[in-house]
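K.L.:
Take a look at this one; I'll ask things after.
The values are calculated or read from the model by the stated rules, or taken from the named source; none is laboratory data. Just so we're clear, the structure is a prediction, and the values are computed from it rather than from any experiment. Positions of Cβ are generated from backbone atoms using ideal geometry, with glycine treated the same way; all protein chains shown enter the neighbour counts.
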Amino acid sequence: MRLFLLPPAFRPQEPLVLTGKDYNYIVRVLRLKEGQEITGRDTEGKTWALKIENISQKSCTLISGENPGAGATTDTLPSCRPEKTIVLYQCIPKGRKTDDIIRMATEAGVTRIVLVHSRNCVSDFSGSEQGKFSRFESVVREAVQQSGSVVPTAVEGVTDIKDVPAHFRNLCKDLGTEGKGLFFHQCPLGEKQQDLVGLLSGFDGAVGILIGSEGGLTETETQDLIASDFAPVLLKTNILRCETAAIYAIGAVQTLLETSCQ
């Protein structure tokens, strides 16, 4: 179930010559041979059945059919793709944990990943955003090709935590859909605590998920989020690392939203 993201140079029915990382992915990673096929997705989101026409020591040539959407013989895209919009608001963790979170969220079919600065964040992207986001784009590309995800995941950043509710409202407005914001934590909040099943039962809009960094969220941040209509959801588990909490929350939300897609 592999998907190849086609470069901007791709033109239907014209030979596409790949070198470098793309060549390595096709020949060394997937180990495709001449005559085999793979599904490709162009920059407009259309999928194409691609055939390996020729492989040399440093390049390979692919050709496509006349019509997009044709299935490849060796690769099948998911028959039931995530239909719901899930936005992950991730407070920036230490080191390369961000890469792991982006990779897992992309494989899970999250539509958008927004990096957030909160009080307990240790890492600071100031002065190095261009390089980091170039790396994040590579992480997304590799995750899409590995998982076969047909969801166009995008990474944004950096947004201050106080601006997250407004960001999510504006996003839902642009999408023309209802939105429900959630933040996951592991400290009970009494009567303010809400049940995830109850929150999402019958819901048919976009869901925003906010996850704290290693130090979690401060009391002020949680109260501000609640005041801005972000619902607190208790993680009734062992204490989770922030990267584990992110994929745990995404999986729980996605399962509830897509029960009908079975």
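K.L.:
Looking at (1) under 22 Å from the mean Cα position of the chain (by Cα); (2) on the phi > 0 side of the Ramachandran plot, which is the only condition Leu210 fails?
P.N.:
It fails just one condition, (2).
K.L.:
Next question. Considering the range 40-54 alone, what residues qualify as being of a type in the set (A, V, I, L, M, F, W, C) and more than 13 Å from Pro12 (Cβ to Cβ)?
P.N.:
If the condition is that a residue be of a type in the set (A, V, I, L, M, F, W, C) and more than 13 Å from Pro12 (Cβ to Cβ), then Ile52 is the only one that fits.
K.L.:
Go through the range 42-59 and count every residue that is over 16 Å from Val17 (Cα atoms) and either surrounded by 16 or more Cβ atoms within 10 Å (Cβ to Cβ) or among the aliphatic types (A, V, I, L, M) (or both).
P.N.:
Counting residues in the range 42-59 that are over 16 Å from Val17 (Cα atoms) and either surrounded by 16 or more Cβ atoms within 10 Å (Cβ to Cβ) or among the aliphatic types (A, V, I, L, M) (or both) gives 1.
K.L.:
Restricting attention to the range 23-39, and to residues there that are more than 16 Å from Ala9 (Cβ to Cβ) and of a type in the set (A, V, I, L, M), which single residue is surrounded by the fewest Cβ atoms within 10 Å (Cβ to Cβ)?
P.N.:
Of everything passing the filter in the range 23-39, Val29 is surrounded by the fewest Cβ atoms within 10 Å (Cβ to Cβ).
K.L.:
Of Leu210, Leu257, which residue is of a type in the set (A, V, I, L, M), touching a Phe, Trp or Tyr at 6+ places or on another chain (Cβ under 6 Å) and over 30 Å from Val29 (Cβ atoms)?
P.N.:
Leu210
K.L.:
A follow-up question, please. Among the listed residues Leu5, Leu32, identify the single one that is closer than 14 Å to Ala143 by Cα and in contact with a helix residue (DSSP H, G or I) (Cβ under 6 Å, 6 or more places away or on another chain).
P.N.:
Matching residue, one of Leu5, Leu32: Leu5.
K.L.:
Within the range 88-111, restricting attention to residues that are out of contact with any Lys or Arg (no Cβ under 8 Å at 6 or more places or on another chain) and hydrophobic (A, V, I, L, M, F, W, C), which residue is nearest to Thr222 (Cα to Cα)?
P.N.:
Cys91
K.L.:
Here's another thing I want to ask about it. Output the residues belonging to the range 46-60 that are free of Cβ contacts under 8 Å to residues at least 12 places away in the same chain and either of a type in the set (Gly, Ala, Ser) or not assigned by TED's automatic domain parsing to the domain that holds Arg11 (or both).
P.N.:
Within the range 46-60, Ser56 is the sole residue that qualifies.
K.L.:
A further question follows. Filter the range 1-38 down to the residues that are of a type in the set (A, V, I, L, M), in contact with a Cys (Cβ under 8 Å, 6 or more places away or on another chain) and assigned to a helix (DSSP H, G or I), then identify the one that is nearest to Ile63 (Cα to Cα).
P.N.:
Here the residue is Ile26.
K.L.:
Okay, moving on. Taking only the range 129-166 into account, find how many residues are in a helix (DSSP H, G or I), small (Gly, Ala, Ser) and buried (at least 16 other Cβ atoms within 10 Å of the Cβ).
P.N.:
2
K.L.:
From the list Gly71, Gly109, which one is modelled with pLDDT of 90 or more, among the small types (Gly, Ala, Ser) and either under 21 Å from Asp42 (Cα atoms) or within 15 Å of the chain's Cα centre (by Cα) (or both)?
P.N.:
Criteria check complete, one pass: Gly109.
K.L.:
Across the range 207-233, what is the total count of residues that are farther than 24 Å from Asp100 by Cβ and not in a loop (DSSP other than H, G, I, E, B)?
P.N.:
Residues flagged as farther than 24 Å from Asp100 by Cβ and not in a loop (DSSP other than H, G, I, E, B) within the range 207-233 amount to 11.
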